[in-house]
1. Within 15 Å, Cβ to Cβ, of GLU398, how many net charges do the neighbouring residues add up to if Lys/Arg are +1 and Asp/Glu are -1?
2. With the Cα gyration tensor of the range 549-642 giving a ≥ b ≥ c as the square roots of its eigenvalues, does the rule (a/c under 1.5 for rounded; else a/b larger than b/c for prolate; else oblate) give rounded, prolate or oblate?
3. Which residue, chosen from LEU601, PHE86, THR221, occupies the Cα position most advanced towards the positive end of the dipole of the chain, where the dipole is computed from +1 (Lys, Arg) and -1 (Asp, Glu) charges on Cβ about the Cα centre?
4. Loop only by DSSP, 13 or fewer other Cβ within 10 Å of the Cβ. Give me the GluC sites (Glu not before Pro) in the range 339-431 that pass, ordered by residue number.
5. Tell me the mean residue ellipticity at 222 nm calculated for the chain from its helices only (DSSP H runs of n ≥ 4, each -39500 (n - 2.57), averaged over every residue, nearest 500).
6. Compute the Cα gyration tensor for the range 2-61, then decide on rounded, prolate or oblate, letting a ≥ b ≥ c be the square roots of its eigenvalues: rounded whenever a/c is under 1.5, prolate when a/b is larger than b/c in the other cases, and oblate in all that remain.
7. With θ set to phi - 60° and the Karplus curve 6.51 cos²θ - 1.76 cosθ + 1.60, what are the ³J(HN,Hα) couplings of the range 144-161 in order, to the nearest whole Hz, using x for Gly and Pro?
8. Straight-line reach from LYS123: which lysines fall under 18 Å, measuring Cα to Cα and dropping same-chain residues less than 8 apart?
Amino acid sequence: MIQITLPDGSIRDFNSGSTPMDVAKNISEGFARNVISAKFNDTTIETTTPLTENGNLTLYTFNDADGKKAFWHSSAHVLAQAITSFYPNVKLTIGPAIENGFYYDIDLGEDVISEKDFPAIEKRFLELARGKHEFKMREVSKADALAKYTNEGNQYKVELIENLIDGDITFCDHSDFTDLCRGGHIPNTGLIKAVKIMSAAGAYWRGDEKNNQLTRIYGVTYPKQKMLTEYLELLEEAKKRDHRKLGKELELFTFSAKVGQGLPLWLPKGAALRGRLEDFLKKAQKKAGYEMVMTPHIGQKELYETSGHYAKYGEDSFQPIHTPKEGEEFLLKPMNCPHHCEVYNFKPYSYKDLPKRFAEFGTVYRYEQSGELHGLTRVRGFTQDDAHIFCTPDQLDEEFKNVIDLVLYVFNSLSFENFTAQVSLRDPENKEKYIGSDENWEKAESAIINATKEKGLDYVIEYGEAAFYGPKLDFMVKDALGRSWQLGTIQVDYNLPERFDLSYKGADNQLHRPVMIHRAPFGSMERFIAVLLEHTAGKFPLWLTPEQVIILPISEKYQKYAENVLHLLENSEIRALVDDRNEKTGRKIRDAELNKIPFMLIVGEQEEKDGSVSVRKQGEGDLGSFTTNEFISFLNKEINSTLKQF
């Protein structure tokens, strides 16, 4: 007999050799019908894998992230099988699950797959899936595995196998198809009821431009056709909300090939929007005791060698800038934190002076690969709402919780209500990726977990997601379409203060090392605005929107009255403009709706006579007649209802 511990802590006895599916059936036959994947002692296994020792078992359905991963990884096998039905001489490489679906990278040789081929591949895919073929794992010796793929002339699989250890190599079989695979599948292909090939794109083998270019086929599958239909409808809505499309329509930002890829140009409305976000955070930061600093866009290479950034990210940075002085090199700033360490080093501090909270909207530069650039969400130059807090170890807990409060204030003010706190820790199996002592890491990780618990946040722990210098608390925000984005972040760092030899004089008159907190509630201004655009579909909160009111005179005769109303609004710090085009009122209303201006004030003979305005709300219609002062009062209440005080 073996003892199996379930996620709720309950322990059940089973015969040795029982499978995860046997355990699922023991819980409930109905539950078992939905189980598609399993994890035993933190290792992903098949639902048919015999269990021969005591351990912790987690069972997954399609509703779980790990369940979807197994479902979509299994689907990648079926996609590869379907493609080989049409192109028997292709060379298969890898086919992982991704956030929404899966892909398979294939060397097609002289053949080409285009969108017109997708329906036939989908049809063949479903024919294969309906066969209800079981996924079966088997161990293969390294010699046999190499022989198979060498005979097939598949140099990609050979390269993968050469890097594997003999005894750890497994193949997955289903139907008449075999693939090199480490495991993690659904019970059989029959669970896949709906498929959509999304796109085909070029991809270099192992992401290296020096290697062969492959064809990457993206797909998504579901256990029900209805689920696929809903997903595709969601994608259509996402297209409408695409920040690149909305940014152009609302005249917020643009890109120029002459300026360079991944370097956004902010247009007047976008720059004003950014300015309001910065002012919003600066006001809250001032109340929280932050001091604004400014640092250069470049720094000597030595600065980033001291911090460790050059060793970790030098290859991803822009090439060093060489000056006329021999041996002198500068880098475009990839991070603000080394500069802020030097700001702290300007003068000595006592424990009575701490904490010091230095904040900056600092622009940094990373050389992202051109294929990875995407609108504002992945750029080469971006501005972080960065701050670094230097405090004593005794102050760490309170300071960390205060930063959590600031992040929550930002999210609440911008209607990001659905989020999860992710405690990102280092990978305990791969500590060489990180700098600093085990003692410092353990202190930092404990501080984050304790503060997160005390604030009552819903959180998950992810190993291997820490920054190289310290653990962090990342805020994973779900937008209106249910997509998850990593926005705000808070990090605890004992290591940079050591590398920069930072100190303060303690009550014992001895020098001590401060603790450093890195934090950015927005993350980067570019990414945050992109997510905000798509979350709101361009309908920003009233306090933030570029233009709050547009005044629509019904003819030229009422132009002067419209301008008088405009002055009254501007005197009350309401952002407004007059549409003085020689167009019909209906056309002006339609254009204002498309431009997502929250309120329209229509003025004509009656309004001029009464000193009033006829108010129309974007997306809702007429609100009736107001005096100008009544409308100003009404609008200010609307603004204050969405922008709470910190």
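What follows is calculated from the coordinates using simple rules that are stated; it is not laboratory data. This is a predicted model, so every value here is computed, not measured. Cβ coordinates were reconstructed from backbone atoms using ideal geometry, including for glycine residues, and neighbour counts include every protein chain displayed.
1. +1
2. Cα axes put the range 549-642 in the oblate bin.
3. LEU601
4. Taking the range 339-431 and a limit of 13 other Cβ atoms within 10 Å, the loop GluC sites (Glu not before Pro) found are GLU417, GLU429.
5. Result for the chain: -10500 deg cm²/dmol, rounded to the nearest 500.
6. Rounded shape, in that the Cα axes give a/c under 1.5.
7. Listing the rounded values in order: 5, 5, 5, 4, 4, 7, 5, 4, 7, x, 9, 5, 6, 5, 4, 4, 4, 5 Hz.
8. Answer for LYS123, where 18 Å is the Cα cut-off: LYS132, LYS193, LYS196, LYS224, LYS226, listed by chain and number.
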